[in-house]
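The values are calculated or read from the model by the stated rules, or taken from the named source; none is laboratory data. What you see is a predicted model; the values in this text were computed from it and never measured. Ideal geometry is used to build each Cβ from the backbone, glycine not excepted, and the neighbour counts take in all protein chains shown.
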Amino acid sequence: MKLIYNYSPNFTPNKRNPNQIKFIIYHYTGMKRESEAIKRLTNIKSKVSSHYLIKNNGEIVVMVPDLYEAWHAGISSWKNFKSLNKNSIGIEISNPGHDFNYKKFSKKQIQSLKVLSKFLIRKYKIDKKNILGHSDIAPDRKQDPGEKFPWKYLAKFKIGKWHSLSQRNLLKYRQKKTTPTEKKNFFINLSKIGYSFKNSKEKNKDKFLNFMICAFQRRFRQELINSKIDQECLLISQNLAKKLH
């Protein structure tokens, strides 16, 4: 694994214990140009950083050493964890994101991400269920890495979790209505998976729940993101809740 070094001044100076590292969080840079993203992640005024950046050509840039806390997660929660910077490694992947013509991640980027993730998982004994996207831990603020991120593919290499349901069977249940009780069960399943209902910036609970449904869909049902709980979403959530709880 070839690494390039371009250190960011944006990190917490106290070193952490390797045992504190329990999560890997994936982000996209969400900026028009890669050079702008690099500038922002290394600019002291921006107060943001990540441990690694994966460039369009697949090069891996080290920005903050693992044992220091990078500032990538912001206000975030998952299960009983809050402010996940303390317990995570952040990986930014160069991509213009939803605001600037969101595109597929390149094969080179995904290959590098696979190599880097497997290395980190081994080094810090990270549980595959603790490999998350920024939108999983901050659904009311973030959409990245988004619905073009290859979660299903990565799960084949034990990087992150995926459900074990057949795509063909699931399609029959897409856009089929759910009852109020089933909707309630869907959110119970989400809570078992790890989605947290704390830390919402939204005063409006329904609005926050819609963001959460979208975060779930971006991750596990990427073809249709509509903030509606249908039978397909319910089945996927049940399958994952059993596997992850």
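So here's what we get for this one:
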quantity: Cβ-Cβ under 9 Å pairs, at least 6 apart or on other chains, the range 37-49 side in the same structural domain as residue 62 (by TED's automatic domain parsing), far side assigned to a helix (DSSP H, G or I) and basic (Lys, Arg); calculated: 46/39; 46/40; 48/40
quantity: Failed condition for residue 198, given (1) surrounded by fewer than 20 Cβ atoms within 10 Å (Cβ to Cβ); (2) within 30 Å of residue 17 (Cβ to Cβ); (3) out of contact with any strand residue (DSSP E or B) (no Cβ under 6 Å at 6 or more places or on another chain); calculated: (3)
quantity: Selection within the range 176-206 - of a type in the set (Lys, Arg) and either free of Cβ contacts under 8 Å to residues at least 24 places away in the same chain or closer than 17 Å to residue 78 by Cβ (or both); calculated: 184, 192, 198, 201, 203, 205
quantity: Residue in the range 158-181 that is crowded, with 16+ Cβ neighbours inside 10 Å, at negative phi and in contact with a strand residue (DSSP E or B) (Cβ under 9 Å, 6 or more places away or on another chain) present; calculated: yes
quantity: Counted residues, the range 181-195 - those being under 17 Å from the mean Cα position of the chain (by Cα) and within 16 Å of residue 218 (Cα to Cα); calculated: 4
quantity: Filter pass, residue 34 being touching a Phe, Trp or Tyr at 6+ places or on another chain (Cβ under 8 Å) and not assigned by TED's automatic domain parsing to the domain that holds residue 191; calculated: no
quantity: Among (1) more than 23 Å from the chain's Cα centre (by Cα); (2) at pLDDT below 95 - the single one residue 178 does not satisfy; calculated: (2)
quantity: Wholly within the range 1-111, strands (runs of 3 or more DSSP E) carrying at least 3 residues that are surrounded by fewer than 19 Cβ atoms within 10 Å (Cβ to Cβ); calculated: 3-5
quantity: Answer residue from the range 231-245, given it is buried (at least 21 other Cβ atoms within 10 Å of the Cβ) and without any contact (Cβ under 8 Å) to a residue 60 or more places away in the chain and is nearest to residue 169 (Cα to Cα) among those; calculated: 233
quantity: The range 140-157, subset touching a residue at least 60 places away in the same chain (Cβ under 8 Å) and more than 20 Å from residue 224 (Cβ to Cβ), residue surrounded by the fewest Cβ atoms within 10 Å (Cβ to Cβ); calculated: 141
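Each row is one residue, and each column tells you yes or no for (1) within 21 Å of residue 196 (Cβ to Cβ); (2) more than 18 Å from the chain's Cα centre (by Cα).
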{"position": "47", "(1), (2)": "no, yes"}
{"position": "50", "(1), (2)": "no, no"}
{"position": "58", "(1), (2)": "no, yes"}
{"position": "72", "(1), (2)": "yes, no"}
{"position": "76", "(1), (2)": "yes, no"}
